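Asker: Just dropping this structure here.
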């Protein structure tokens, strides 16, 4: 088991900011870095949860995009082709925690008066579905003195804050979080951000580097094996099974 494997350390002396990025296959590693006035920020897909099957996973979506690119489409166009299928799948899959004790872990952090929110590239168009999926597996978030009602952040792409989740869509994750801090006039002493992708950890670290906020990034590796073992044939079978089920239902 990998735990606290050091990827790299970044030090910034502007506004006495400090940044550290490590790697771990256990979400509970964040407990080692909690102190007063800390905000815990969690990615959703392949960090907190993953689908019970291949269909609807991050790796499945990447496969769909890559397939379109092989057909000759540029990356942006390929993503637009893949999104409707991904939205359809999202309403027909269930999620499970990446580790069985994650709901209890989040609750224990909240009981220490440490706020916890999520920061995702999920689109605001599946915000309600995401909340429904997480509620079914007892995952929720809370940050005091911040209204949990819908808040549209006027950024380059549609961005929504709802019930403790920042649905950033195609926006830069780092600037989504920084914009949220500024618009809410909320500035924690430390941010612990956990994500399965290094590029998003770097994006948040970069956005916060002049803010005076200490940054701890954890590259979550708990789903790496699942991603490596992705089977596109299984996902195609699951997709066809869902479509067949709906076609039959429509004709009943």
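None of the figures in this text is laboratory data; all of them are computed from the coordinates on show. All of these numbers come straight from a predicted model, not from anything done at the bench. With ideal geometry, Cβ positions are generated from the backbone for all residues, glycine too; neighbour counts draw on all protein chains shown.
Asker: Can you give the relative contact order of segment 94-237 as a percent, counting alpha carbon pairs under 8 Å and 6+ residues apart?
Answerer: Working: 194 pairs, mean separation 27.3, N = 144.
Reported as a whole number, the value is 19 percent.
Asker: Name the most mobile residue of 188, 51, 100, meaning the one with the largest mean-square fluctuation, in a Gaussian network model of the chain with Cα contacts below 10 Å.
Answerer: Judging by the Gaussian network model, the answer is 100.
Asker: If every alpha-carbon in the chain counts as one equal scatterer, what log10 I(q)/I(0) does Debye give at q = 0.08, 0.11, 0.12, 0.15 1/Å?
Answerer: Debye curve over Cα of the chain, log10 I(q)/I(0) at q = 0.08, 0.11, 0.12, 0.15 Å⁻¹: -0.32, -0.61, -0.72, -1.12.
Asker: Select from 101, 196, 45 the residue whose mean-square fluctuation is largest in a Gaussian network model of the chain (Cα-Cα springs shorter than 10 Å).
Answerer: 101
Asker: What whole-number distance in Å separates the alpha-carbon centres of segment 87-136 and segment 23-39?
Answerer: Rounded to whole Å, the Cα centres lie 18 Å apart.
Asker: By how many nm would the segment from residue 18 to residue 101 grow when fully extended, if each residue of separation counts as 0.36 nm and the alpha-carbon distance is taken off?
Answerer: Result: 26.9 nm gained on full extension.
Asker: If you don't mind, another one. Give the average over all directions of the projected area of the C-alpha convex hull of segment 148-246, one decimal, in nm².
Answerer: 8.9
Asker: Ignoring everything except DSSP H segments at least 4 long, calculate the 222 nm mean residue ellipticity for the chain; use -39,500 (n - 2.57) per segment, divide by total residues, nearest 500.
Answerer: Working: 8 runs with 97 residues, N = 252.
After summing the helix terms and dividing by residue count, I get -12000 deg cm²/dmol.
Asker: Helix 102-111: angle to the longest alpha-carbon principal axis of the chain, degrees 0 to 90, nearest 10?
Answerer: 30
Asker: GNM on the chain, C-alpha springs below 10 Å: top fluctuator among 72, 217, 168?
Answerer: Highest fluctuation of the listed residues: 72.
Asker: Between residue 247 and residue 150, what length in nm is gained on full extension when 0.36 nm per residue of separation is reduced by their alpha carbon distance? Mind dumping the intermediate values first?
Answerer: Working: separation 97, 0.36 × 97 = 34.92 nm, distance 3.49 nm.
Taking residue 247 through residue 150 to full extension adds about 31.4 nm, to one decimal.
Asker: If a/c stays under 1.5 just call it rounded; otherwise compare a/b with b/c (prolate if a/b is bigger, oblate if not). Do that for segment 93-205, with a ≥ b ≥ c from the square roots of the Cα gyration tensor eigenvalues.
Answerer: rounded
Asker: In addition: Report the label-to-label distance for residue 135 and residue 236 in nanometres (one decimal), using points 7 Å from each Cα along the Cα→Cβ vector.
Answerer: Result for the modelled spin labels: 3.7 nm.
Asker: For the chain, find the longest principal axis of its Cα atoms and tell me its angle to the long axis of helix 127-136, 0 to 90°, nearest 10.
Answerer: That works out to roughly 80 degrees.
Asker: On C-alpha positions alone, give me the angle between the axis of helix 58-70 and the longest principal axis of the chain, in degrees, nearest 10.
Answerer: So the helix axis and the longest Cα principal axis differ by about 60 degrees.
Asker: Got the relative contact order for the chain handy, in percent, Cα pairs under 8 Å and 6 or more residues apart?
Answerer: Values: 431 pairs, mean separation 70.6, N = 252.
Result for the chain is 28 percent.
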